[in-house]
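Written below as structure tokens is the structure these notes are about.
The values are calculated or read from the model by the stated rules, or taken from the named source; none is laboratory data. Given the structure is predicted, the values throughout are model-derived calculations rather than measurements. Glycine gets a Cβ as well: all are built from the backbone with ideal geometry, and neighbour counts include every protein chain shown.
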Protein chains: 2
Amino acid sequence: MSEISAKDVAALRKETGAGMMDAKRALTETGGDIEKAKDLLREQGLAAAGKRSDRVASEGTIGHYLHVQAERPVIGVLVELASETDFVAKSDGFQEAAKDLAMHVAAARPSWVTRDEVPEDVLEKERQLIAAQAKNEGKPDHIVEKIVAGRLNSFYEDHVLLDQEFVRTDKFEGTVGEMVTQLAASLGENILVRRFVRMAVGETAE
Amino acid sequence: MSEISAKDVAALRKETGAGMMDAKRALTETGGDIEKAKDLLREQGLAAAGKRSDRVASEGTIGHYLHVQAERPVIGVLVELASETDFVAKSDGFQEAAKDLAMHVAAARPSWVTRDEVPEDVLEKERQLIAAQAKNEGKPDHIVEKIVAGRLNSFYEDHVLLDQEFVRTDKFEGTVGEMVTQLAASLGENILVRRFVRMAVGETAE
């Protein structure tokens, strides 16, 4: 029997989500042929469905919200909410969520969708500000680090959409991220907030 | 009589729009006092109303348009249309124009509002491209410059909102800029398209 390399087992597991023993056994049966081993695992129902959040979400919708003041719209928001199928994209629950998200953005004014999107120089400036504040408050150095971490969390909760408290507490209590995760679970598809834009009369574009 | 400086006359004319002789006369009457001369000209009805397009347009509305496909919105557009007063901003004609502009942006996909906004490196690249094309077509050098100017105009007409042909030819025939100018004239206020955004499902943000 030819030797099954750990590298092949790892590759096979990555592609199929199968367990270690199952992947090893499949490779052994197919004499080290990864493609045939994939088919074998699938036939045997041992390939995982795949993590929902890894699945391609190329469909979706554009949610919108307009805030009217003195008889005219003065704030407008667009949100791109992605799904895997157009079937889900046109469903009532999904359309409603898209609108709620747009309304949330109008009220909560996030700057980014995820933490990853916050530029490093912005984070660095924030860390320095917090550290300076903490020192001014007379906090000892070993405490300052913890304070920076804690207040940086507050910064994310203020400015990152997925970390913000969802404003429609009548519909969902928790962060926007948690609301989207629950929506994905109930619809059985990978759901993502891709981007948003908020435009208000008289405010300069960033 | 104290000497009336040419500089003061110019300043007074700039602020009031009055003619040369009237400004000189007013300054002479007020002994060179610019503020008093301004009041004098206004009392005499000799100060111009002021160029409409220089007036501050700090009011306005957000126009929007959603393109639906297979039962869900897949393209969304927001446009900020500015006016001088909220009275005009809420008027039917203005609201309709804001919506028409958003619809236009959805269809015509401009990249910038005005020619000024086109980055210099983009223009330079375009000029070089056109010049190379023209030389490939065997055009002599002295003609190439004219061709660059001409085709750059086409570039603007394709990508700059105000230079684009307004898509609602049923409502107005001409460029978007001409449509806005006519709107301003009919409403008697300075009207400006400040910015726009177009978001389509699956398209990457620029």
Based on this model, can you work out whether A:A47 counts as under 23 Å from A:V201 (Cβ atoms) and either under 19 Å from the mean Cα position of the chain (by Cα) or modelled with pLDDT under 95 (or both)? no
Could you say which residue among A:V160, A:V167, A:V148 is in contact with a strand residue (DSSP E or B) (Cβ under 9 Å, 6 or more places away or on another chain), surrounded by 13 or more Cβ atoms within 10 Å (Cβ to Cβ) and of a type in the set (V, I, T)? A:V160
Scan region A:81-91 and give yes if some residue there is away from chain B (no Cβ under 14 Å), of a type in the set (F, W, Y) and part of a helix (DSSP H, G or I), otherwise no. no
Flagged in region B:153-206 as farther than 15 Å from B:R109 by Cβ, assigned to a helix (DSSP H, G or I) and over 15 Å from the mean Cα position of the chain (by Cα), in numbering order, are B:N153, B:S154, B:S186, B:L187
Failed item in (1) of a type in the set (G, A, S); (2) within 11 Å of chain A (Cβ to nearest Cβ); (3) not in a helix (DSSP H, G or I), with B:G32 passing the rest: (2)
Residue check, A:V68 outside any helix (DSSP H, G or I), surrounded by 12 or more Cβ atoms within 10 Å (Cβ to Cβ), at the interface with another protein chain (Cβ under 10 Å from one of its Cβ atoms) and more than 16 Å from the chain's Cα centre (by Cα): yes
Looking at B:T175, B:T181, B:T204, which is the one that is within 14 Å of chain A (Cβ to nearest Cβ) and hydroxyl-bearing (S, T, Y)? B:T204
Out of A:T204, A:T175, which single residue is on the phi < 0 side of the Ramachandran plot, of a type in the set (V, I, T) and at pLDDT 95 or above? A:T175
Starting from region A:184-206, take each residue that is acidic (D, E) and list its partners that are modelled with pLDDT of 95 or more and in a strand (DSSP E or B), counting only C-beta distances under 6 angstrom and pairs at least six apart or across chains. A:E189/A:S83
